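Colleague: Structure in structure tokens, see below.
The values are calculated or read from the model by the stated rules, or taken from the named source; none is laboratory data. Note that this is a predicted model, so its numbers are computed, not measured. Neighbour counts run over all protein chains shown; Cβ positions are idealised from the backbone, glycine included. The area values use the complete protein model at the heavy-atom level, side chains included, leaving out ligands, DNA and RNA. Shrake-Rupley method; radii C 1.70, N 1.55, O 1.52, S 1.80 Å.
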Amino acid sequence: MSSQQPPGWNDAGQAGPAGYGPASYQAQPPYQPYPNGPGVPGGYHHLQPLAMPGQVRAAQVLFFVMGGFGLLAMVLAIVRGDAEAAGSISVTSLPAFLGLICALRFPKRKPNSRGTAIFLASLMLFIGFGTMGRGQPVGLVLCAVGVTIVILLSQRQSGHWFRRPVRP
């Protein structure tokens, strides 16, 4: 405010507080809507992982391995001509096959893929108990993998990954 203007007048000679007239608007640097980056309300993108966390990747790999082993065992039983064994393997491996499909959805964070994967891993655990009860040692592997997947997907970083907004 210049010393020749009466109090309450701005630089443009208009009534009002100094510094708020049309002359006070100058070229500003480009406006960014959020302090920590564009597109994230509140700027909390630093709390959410940008790449798939190791826990989610490990659960995905375990579903791939179990689904692959189940498919291989089923094919070998069919080649041997043992239809009963092939049927038993297909039922035992059903959660792993469905988990394989669910694990394909992990990178895109599709809705309910985490909850479905935890449910399928729990189902794998219970089928493993039943298989161990029949005296088959593969049930111990099913139990161990089911517990591992549930633990991996129940961790905080996994939750942050699946709650992150999906990019188009």
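Colleague: For the range 59-95: of the residues being assigned to a helix (DSSP H, G or I) and among the polar types (S, T, N, Q), which is farthest from Ser122 (Cα to Cα)?
Modeller: Ser88
Colleague: Out of the residues in the range 134-160 meeting the condition of being within 16 Å of Gln55 (Cβ to Cβ) and small (Gly, Ala, Ser), tell me which one is most open to solvent (accessible area, probe 1.4 Å).
Modeller: Result: Ser154.
Colleague: Let me ask something else. Restricted to the range 108-126, and to residues that are open to solvent by 20 Å² or more (accessible area, probe 1.4 Å) and small (Gly, Ala, Ser), which residue is modelled with the lowest pLDDT?
Modeller: Among residues in the range 108-126 that are open to solvent by 20 Å² or more (accessible area, probe 1.4 Å) and small (Gly, Ala, Ser), the one modelled with the lowest pLDDT is Gly115.
Colleague: Given the options Leu47, Leu62, Leu98, name the one that is open to solvent by 50 Å² or more (accessible area, probe 1.4 Å), of a type in the set (A, V, I, L, M, F, W, C) and either at pLDDT 90 or above or closer than 16 Å to Ile149 by Cβ (or both).
Modeller: Exactly one of Leu47, Leu62, Leu98 is open to solvent by 50 Å² or more (accessible area, probe 1.4 Å), of a type in the set (A, V, I, L, M, F, W, C) and either at pLDDT 90 or above or closer than 16 Å to Ile149 by Cβ (or both), namely Leu98.
Colleague: Right, something else. Could you list, in sequence order, the residues of the range 122-145 that are free of Cβ contacts under 8 Å to residues at least 40 places away in the same chain and within 29 Å of the chain's Cα centre (by Cα)?
Modeller: Ser122, Leu123, Leu125, Phe126, Ile127, Gly128, Phe129, Gly139, Leu140, Val141, Cys143, Ala144, listed by residue number.
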